[in-house]
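Worksheet: one structure, shown below.
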Amino acid sequence: MVVPAIAVVILSILAPFISLCAGLVFLMMSGRRNATLGWWNVIAGVLGTIFHIVALAFLIPSVSSGVLTKTLSGLAQQRQQNDLNQSQNILNGQDQ
């Protein structure tokens, strides 16, 4: 399950830039439909880029202060404990 999660993160990071580039390509083509598609893609790309900047503005301080690291390590420990409990239940014959 790690590979699809990494792919989703990479694609979500690249999506606004791909949309912006596609919009600029459509704007260079002639035709009303291409211009409409171009502007929609440019707008989506710009909004996505702004969203990334805002998200980074909130993410960078939490990473530097260690809040995100503590949260993620706490979740990892909780998941390990749940896995351990489930394994013990299976060994004791209390399959869920």
Quiz prompt | Breaking point among (1) assigned by TED's automatic domain parsing to the domain that holds residue 9; (2) at pLDDT below 80, for residue 96 | solution = (1)
Quiz item: Is the stretch 3-15 home to any residue that is among the hydrophobic types (A, V, I, L, M, F, W, C), surrounded by 12 or more Cβ atoms within 10 Å (Cβ to Cβ) and at pLDDT 90 or above?
Solution: no
Quiz item: Just a yes or no: is a residue in the stretch 55-66 assigned by TED's automatic domain parsing to the domain that holds residue 15, at pLDDT 80 or above and surrounded by 10 or more Cβ atoms within 10 Å (Cβ to Cβ)?
Solution: yes
Exercise. Return the pairs, sorted by first residue and then second, in which the second residue is outside any helix (DSSP H, G or I) and not acidic (Asp, Glu), the first residue lies in the stretch 26-41 and is without any contact (Cβ under 8 Å) to a residue 12 or more places away in the chain and assigned by TED's automatic domain parsing to the domain that holds residue 16, the beta carbons are less than 9 Å apart, and the residues are 6+ apart or on different chains.
Key: 35/29
Exercise. Name the residue, out of 44, 57, that is of a type outside the set (S, T, N, Q) and either touching a Phe, Trp or Tyr at 6+ places or on another chain (Cβ under 9 Å) or without any contact (Cβ under 8 Å) to a residue 12 or more places away in the chain (or both).
Key: 57
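The values are calculated or read from the model by the stated rules, or taken from the named source; none is laboratory data. Note that the structure is predicted; figures quoted are calculated from it, not measured. For neighbour counting, all protein chains shown are included, and Cβ atoms are generated from backbone atoms with ideal geometry for every residue, glycine included.
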